[in-house]
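Worksheet for the structure shown next.
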Amino acid sequence: MVARKKILIIEDEPHIVLGLTDALEFEGFSVASASKGKDGVLLARQEKPDAILLDLMLPDTNGFKVCEDLRRWDAFVPIIMLTARGQEIDKIRGLDAGADDYVTKPFSVGELIARLRALFRRAARPAEAPVEVFTVGNVQINMTAHTVSRGSRSDQLSFYEVELLRLLHERVGQPVSREEILQKIWGIEAGPSNRTVDNFIVKLRKKIERSPDKPEHILTVYGFGYKLAP
């Protein structure tokens with residue numbers, strides 16, 4: 001019998017916790033929850049969840065701090081941030097703190113579950129898969145270790161950063177549309193207000209480009225998407 005994936009919810013609004021718990025359990029996940037950031041970090045260490053849903057605004061702290069604490073414990077557990085804020089700067093800050101993804105309240109539970117399923121589906125690669133390393137400019141990217149290295153400096157890559165780089169590298173030199181990226185990596189349909197891909201590109205450029213505001217390798221194809229130029 002296949003073990004059920006465990007989702008940890010760190011959220012202080014009871015009706016959201018109840019709604020998410022019911023929906024996730026109906027879809028076959030097991031669920032644990034905490035209403036405070038400190039309790040959530042302790043519970044994560046005890047329960048070792050397969051993914052974490054983290055609210056940005058908590059009664060004892062904020063989600064950015066909790067995310068950083070979770071990352072010190074586990075560099076790879078997927079963290080999806082739940083936020084009522086729509087500003088791009090908050091989303092970028094969340095990604096910089098170590099979140100793998102975000103959804104803005106009010107959100108579609110169906111879309112959230114689709115993101116989780118896509119995440120687990122893409123993470124279920126054979127353990128014996130060969131080490132994947134390639135070079136972009138003067139940066140070495142290790143897809144297996146989730147690292148990007150330039151000289152003696154090394155930065156960690158999140159799950160979605162790795163998957164986005166993998167897709168662009170598979171199609172190196174060719175434009176890949178935002179719609180295809182969202183569908184293949186996040187398992188969701190594109191919408192006019194969905195800036196998920198753009199925000200991850202901003203974060204990747206900070207780690208790979210010499211001048212993120214003047215990219216040489218992760219290029220925008222205006223009105224369409226992005227392409228990788230090695």
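The values are calculated or read from the model by the stated rules, or taken from the named source; none is laboratory data. All values reported here derive from a predicted model rather than from experimental measurement. Glycine also receives a Cβ, built like all others from the backbone with ideal geometry; neighbour counts cover every protein chain displayed. Ligands, DNA and RNA are excluded from the accessible area calculation, which covers all protein heavy atoms including side chains. Shrake-Rupley method; radii C 1.70, N 1.55, O 1.52, S 1.80 Å.
Observations on the structure shown:
- Sequence-ordered 3J(HN,Hα) estimates for the stretch 172-183 from the Karplus curve with 6.51, -1.76 and 1.60 and θ = phi - 60° stand at 3, x, 10, x, 10, 6, 4, 4, 5, 4, 4, 5 Hz, glycine and proline given as x.
- Contour minus Cα-Cα distance for Ala229 and Glu179 (0.36 nm per residue): 16.0 nm
- For His217, the solvent-accessible surface with a 1.4 Å probe is about 30 Å², rounded to the nearest 10.
- What you get for the chain, charging only the Cβ of Lys and Arg (+1) and of Asp and Glu (-1), is a dipole of about 640 debye around the Cα centre.
- Put simply, when 7-13, 172-178 are sorted by average Cβ atoms within 10 angstrom per residue, most first, you get 7-13, 172-178.
- Note on the chain: antiparallel DSSP beta bridges, both residues inside, total approximately 50 percent of the bridges counted.
- At the residue level, Met57 shows approximately 100 square angstrom of accessible surface with a 1.4 angstrom probe and all protein chains present.
- Rolling a 1.4 Å probe over the protein chains gives Glu170 an accessible area of about 130 Å².
- Per residue, the chain exposes an accessible area of 49 Å² to a 1.4 Å probe, with every protein chain left in place.
- Entry for semi-axes √(5λ) of the Cα gyration tensor in Å (calculated from the structure that is shown) out of (1) 34, 18, 16; (2) 29, 19, 18; (3) 26, 21, 19: (2)
- Full-extension gain in nm, Asp155 to Asp60, via 0.36 nm per residue minus C-alpha separation: 31.3 nm
- Amide H to amide H, with H built 1.01 Å from N, Val136 comes under 5 Å of Ile141, counting only residues 5 or more places away or on other chains.
- The accessible surface of the chain, taken with every protein chain in place and a 1.4 Å probe, is 53 percent carbon and sulfur.
- Here Glu189 and Ser211 are evaluated by their C-beta separation; at R0 = 41 Å the FRET efficiency comes out at 0.75.
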